[in-house]
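Down below is the structure, laid out as structure tokens.
The values are calculated or read from the model by the stated rules, or taken from the named source; none is laboratory data. As the structure is a prediction and not an experimental result, all values here were calculated from the model. For neighbour counting, all protein chains shown are included, and Cβ atoms are generated from backbone atoms with ideal geometry for every residue, glycine included.
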């Protein structure tokens, strides 16, 4: 069974697949030409849409030469074929990849605008959409850009994070489009994942818990829900039936089969242990409070004493409890947030909690809480399975689920 799953996973990648490549107006559009060549060489059928601004950098003839198909620019082309072009392209595509995805184009599709061919195709599409942002670092860090990307990710778009280095404006920083090979690999991985988890029932926890001190104050942490939501979205794309248990989060909820809110560690424990009975796999990404107040003050604690003593007690270890009840037919995956990678500590935690896999991520920098990227190491019963460089949480989710798809309970 395991070898058969591995064979299906490797599959044909993009060979024989239908891909619409949208090139919006940035200097990185020259990389899009190379991307179209890579995908075509790997056997994909590629049709290119260019925004008007993109044609200022590269001509439509370039893409026609590389793909064998004319590049489309206008929403109202002059042709005898009566087909509505944006509907025809949207229905034809198995994947849409936007590379480069400029700040302007990201903003327009986040708002649901459809005033040109490229945005109209995305608005009409039912297939997965992948974005490869490219812009100046100031635009990349702009709050509106971050908000738009978060919204698109919650809508199911896959994001290939930009790299850091010299930018077209002469500055150095984050915002340069991912290399064409990286984008092609992300596309291939998305196709390999199709159906990998069909028939599996997956319970995902995400976000942070809140432990009430009084009626207005609580103990919590900075978990945003990004990693858990990325896993929930990716699992659904891979064919799984997904149940999400979430605490407080900073971003919109993904579309899942069922979503349950749990405010405190106690609430999350009750929800997880009850729902795990009807699911095959538990992926515990939520940042659950380790301690909770022994007692909750009535009303609001007044600012009267110079010092306030707060007595805390340990919360129950939900992952460990799930590991004790899972039996031989279920799988549990834990997450550990550490200051540095410690393989011995990871293996000890995996054994103590009876996990099948443990995902370790690090605190600080561009990893951990409240950021869209992560750097993970995955551990199994035989030790470290793999480590990744800094990647988007969507990419990390795909890698985790691919590893999970190869596991059988008890392995």
From the list 132, 178, which residue is outside any strand (DSSP E or B) and either under 22 Å from residue 227 (Cβ atoms) or touching a residue at least 60 places away in the same chain (Cβ under 8 Å) (or both)? 178
Residue under question is residue 256, and the condition is that it be touching a strand residue (DSSP E or B) at 6+ places or on another chain (Cβ under 6 Å), buried (at least 19 other Cβ atoms within 10 Å of the Cβ) and assigned to a loop (DSSP other than H, G, I, E, B); does it hold? yes
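The rows are residues; the columns are (1) more than 14 Å from the chain's Cα centre (by Cα); (2) surrounded by fewer than 16 Cβ atoms within 10 Å (Cβ to Cβ); (3) over 17 Å from residue 285 (Cβ atoms).
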site: 170; (1), (2), (3): yes, yes, yes
site: 174; (1), (2), (3): yes, no, yes
site: 178; (1), (2), (3): yes, no, yes
site: 193; (1), (2), (3): no, no, yes
site: 205; (1), (2), (3): yes, no, no
site: 213; (1), (2), (3): yes, no, yes
site: 227; (1), (2), (3): no, no, no
site: 233; (1), (2), (3): no, no, no
site: 245; (1), (2), (3): yes, no, no
Quick check on this structure: which one of 346, 322 is at pLDDT below 95 and within 21 Å of residue 397 (Cβ to Cβ)? 346
So, in the range 93-120, exactly how many residues are in a helix (DSSP H, G or I) and touching a strand residue (DSSP E or B) at 6+ places or on another chain (Cβ under 6 Å)? 2
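Among the listed residues 89, 66, 117, identify the single one that is under 21 Å from residue 177 (Cα atoms), assigned by TED's automatic domain parsing to the domain that holds residue 136 and buried (at least 17 other Cβ atoms within 10 Å of the Cβ).
Just a single option satisfies the conditions, and that option is 66.
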Can you spot a residue in the range 394-405 that is at pLDDT below 95 and assigned to a loop (DSSP other than H, G, I, E, B)? no
Determine whether residue 188 is surrounded by fewer than 18 Cβ atoms within 10 Å (Cβ to Cβ) and part of a helix (DSSP H, G or I). no
Out of curiosity, is residue 362 within 18 Å of residue 247 (Cβ to Cβ), free of Cβ contacts under 8 Å to residues at least 40 places away in the same chain and crowded, with 17+ Cβ neighbours inside 10 Å? no
Among the residues of the range 377-393 satisfying the criterion of being crowded, with 21+ Cβ neighbours inside 10 Å and either in a helix (DSSP H, G or I) or over 11 Å from the mean Cα position of the chain (by Cα) (or both), which is modelled with the highest pLDDT? 379
Which ones in the range 154-175 are at pLDDT 80 or above and part of a loop (DSSP other than H, G, I, E, B)? 155, 156, 157, 160, 161, 162
